[in-house]
Each structure stands twice: as structure tokens, then as C-alpha cells.
Amino acid sequence: MHPEIRRLILTWVILMGLTLALGVSGDVAHPSRLSGLWLAVIGLVMVVKARLVLARYLRLATAPSFLSGFTGALAATVSVIVLSFALLHQPLVKPMPGASARPVATAPQ
Amino acid sequence: MTDLSAPPPVAPRHGDTLPGNPMMWLLIAAELLVFGAALLGYAGARALDPAGFAAAQDGLDRTAGTINTGVLLTSGLFAAVAVEARRFGERGRTRALLAVAALFGVVFLVVKGFEYAAEIAAGNDLATSTFHTLYFLITGFHAIHVVFGILILGIVMVFDDLDHVETGTAFWHMVDLIWVVVFPCLYLLR
């Protein structure tokens with residue numbers, strides 16, 4: 001087997017393993033809220049999987065600066081999202097009392 | 001014995017050169033920005049109603065989402081091996097591998113269709129809640145990309161020079177890449 005194809009199959013095996021790991025760490029069978037540690041694990045696995053797809057499937061391993069740029073942008077986005085889930089458990093903006101009783105605008109007669 | 005009639009393999013590129021057509025990479029960067037903005041918007045909307053989002057998320061079929069991730073990653077493997085086959089001049093094998101990659105794309109859409117049907121049967125649609133609006137918009141937009149990806153794989157099966165195959169499969173891997181990030185954000189983080 002050609003070494004590049006062997007590398008691709010190995011990448012696929014790792015990606016599938018990480019997908020299963022995500023299923024476990026994401027506790028797919030239960031509706032419970034996840035702890036900060038599990039959220040961090042999910043975020044890390046997401047970035048590792050994305051980097052593997054970029055490096056091997058999209059062949060950016062041969063273009064290291066593009067690989068770093070794409071990975072960095074993805075990691076920054078994932079970090080913001082994971083942090084927001086880890087830190088915000090209450091509504092960021094509390095609804096004003098009586099806000100739901102606001103009269104609905106009607107068309108002028 | 002070496003087959004003298006076979007063309008010599010094309011050497012892989014090295015040295016910070018993007019594979020395939022540079023315009024496809026512009027499209028990939030633009031698509032990643034769009035989905036990145038959508039997911040940041042999703043996180044922002046969730047910050048306004050964490051409990052509502054968590055309750056709505058629990059209605060999703062996380063197992064189906066996990067299976068679909070495996071389906072797309074397997075499809076990506078066949079697409080990536082197709083590029084290698086084309087580099088070695090194996091046109092028939094390239095087409096067969098691209099066809100298998102496209103078939104896995106169809107499987108993804110079928111699983112997604114069952115998920116949508118279950119959501120709608122449960123009374124959830126675009127207007128049910130902010131979570132459902134974003135869920136249907138983001139995953140629906142991704143599914144449209146899967147459909148376009150399948151069409152592009154079909155096109156490069158016909159116009160199968162190496163540059164076209166690299167460009168077409170790059171789009172397909174972008175669809176993979178987006179799902180790798182969208183799935184945990186919508187289904188798992190809570």
C-alpha cells in the first residue's frame with residue numbers, strides 16, 4: 001500500500017476514534033448539563049479533529065502557514081463558544097418585569 | 001515488472017502551496033467565516049436563554065448526529081484516496097472512489113432527513129424556539145452544501161484531471177470540516 005494512503009487510513013481511524021470519544025464525553029445518552037472539564041475536552045477534540053481534516057484530507061500539511069492560519073481561526077472560534085457554554089448558565093440579560101405584558105402595536109384606524 | 005504504458009505519478013505539492021484551484025480556497029475561507037459567524041451567533045443567542053436552549057437540545061438525536069459524523073469522515077477518506085489514485089493515473093479507480101464518497105454523502109442526507117422528520121413529528125419547526133430556528137438554519141445550510149458537494153463530486157468524476165479532482169474534493173472536505181465543528185456545538189455542548 002502506498003504510504004500516503006496508509007497515512008490517510010490512519011487519519012481516518014484516529015478521526016473515528018475521536019468521534020467515539022466525543023460521543024462518550026458528550027454523554028449522548030443523557031440530557032444532563034456537562035461540567036467545564038467535559039466542555040473543554042469536547043472543545044479540544046473538535047480542534048484536533050478539524051486540524052486532522054485540514055492537514056490530511058485537505059492536504060494543508062504541505063502548506064504549514066495556511067494550516068496554522070486555518071487552525072488558529074477555528075481554535076479561536078471554538079474557544080469563544082466553549083467558554084460561553086462553560087461560564088453562562090443564567091440568562092445574560094434578565095427580562096424586564098412586565099416585559100411580556102407590552103401591548104402589541106395595532107394598525108391605525 | 002513496471003508498467004511502461006502507465007503515466008508517471010504526479011508528485012505531491014510542497015512548500016506552502018494550496019492544493020487545487022486557489023479560488024476554491026477563497027470559497028472555503030468564506031464558507032468557514034459564514035459558519036463561524038453563525039455559530040458565534042448561536043452562542044450569543046444561547047447566552048440569553050441557557051435553560052431554554054438546553055431543554056431544546058435534549059430533544060435532538062445525538063446518536064444520529066454521531067453516526068452522521070462517522071459517515072462524512074468515511075466519505076472524506078474515499079475522496080482523499082481518490083486524489084491519490086488520480087495522481088497515479090488510475091482514472092477508473094478514481095471515479096469509483098469518488099462515487100463511493102458521493103454515496104456516503106447521500107447516506108448523510110438520508111439520516112439528516114430522518115432527524116428532521118422526527119423533529120417535525122415532535123412539533124418542532126423553524127418557529128418553535130430560537131434554538132430550533134438556528135438548528136434548522138445552520139444544519140439546513142450545511143445540508144445544502146452536502147447536496148452541492150455531491151454534484152461537484154459527480155462533475156469531477158466526468159472532468160477528472162488531477163486539478164479538478166483536487167478542487168472538487170477540497171470542497172467536499174470543507175463540508176466535512178464544517179460538520180466536525182457544527183455537530184458538537186449544536187448537539188453536544190450544553
Practice problem: Kindly list, by first and then second residue, each pair from a residue in segment B:29-47 that is more than 9 Å from chain A (Cβ to nearest Cβ) and over 13 Å from A:Thr77 (Cβ atoms) to a residue that is open to solvent by 30 Å² or more (accessible area, probe 1.4 Å) and not aromatic (Phe, Trp, Tyr), limited to pairs with Cβ atoms under 8 Å and residues at least 6 apart or on different chains. | Solution: B:Ala45/B:Thr130; B:Ala45/B:Leu134
Self-check item: In segment B:53-63, residue farthest from B:Val182 (Cα to Cα) [restricted to those that are open to solvent by 30 Å² or more (accessible area, probe 1.4 Å) and more than 8 Å from every other protein chain (Cβ to nearest Cβ)]
Solution: B:Ala55
Exercise. With the condition kept exactly as written, say whether any residue in segment B:78-93 is open to solvent by 10 Å² or more (accessible area, probe 1.4 Å), under 27 Å from A:Gly43 (Cβ atoms), assigned to a helix (DSSP H, G or I) and modelled with pLDDT of 85 or more.
Key: no
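Rundown of residues vs (1) surrounded by fewer than 22 Cβ atoms within 10 Å (Cβ to Cβ); (2) away from chain A (no Cβ under 14 Å); (3) not β-branched (Val, Ile, Thr), yes/no style:
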| site | (1), (2), (3) |
| --- | --- |
| B:Val106 | yes, yes, no |
| B:Gly123 | yes, yes, yes |
| B:Phe131 | no, no, yes |
| B:Phe136 | yes, yes, yes |
| B:Val158 | yes, yes, no |
| B:Asp161 | yes, yes, yes |
Quiz item: Residue check, B:Gly140 against (1) away from every other protein chain (no Cβ under 11 Å); (2) buried (at least 24 other Cβ atoms within 10 Å of the Cβ), all met but one. Which one?
Solution: (2)
Quiz item: Restricting the search to segment B:59-84, which residues are touching a residue at least 12 places away in the same chain (Cβ under 8 Å) and of a type in the set (D, E, K, R)?
Solution: B:Asp61, B:Arg62
Practice problem: Please find, among B:Leu32, B:Leu97, the residue that is assigned to a helix (DSSP H, G or I), buried (at least 16 other Cβ atoms within 10 Å of the Cβ) and under 16 Å from the mean Cα position of the chain (by Cα). | Solution: B:Leu32
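The values are calculated or read from the model by the stated rules, or taken from the named source; none is laboratory data. Remember, predicted model here, so these are calculated numbers, not experimental data. Heads up, the Cβs are rebuilt from the backbone with ideal geometry, glycines too, and the neighbour counts pull from every protein chain shown. Quick note on the areas: whole protein, heavy atoms, side chains included, nothing else; ligands and nucleic acids left out. Shrake-Rupley method; radii C 1.70, N 1.55, O 1.52, S 1.80 Å.
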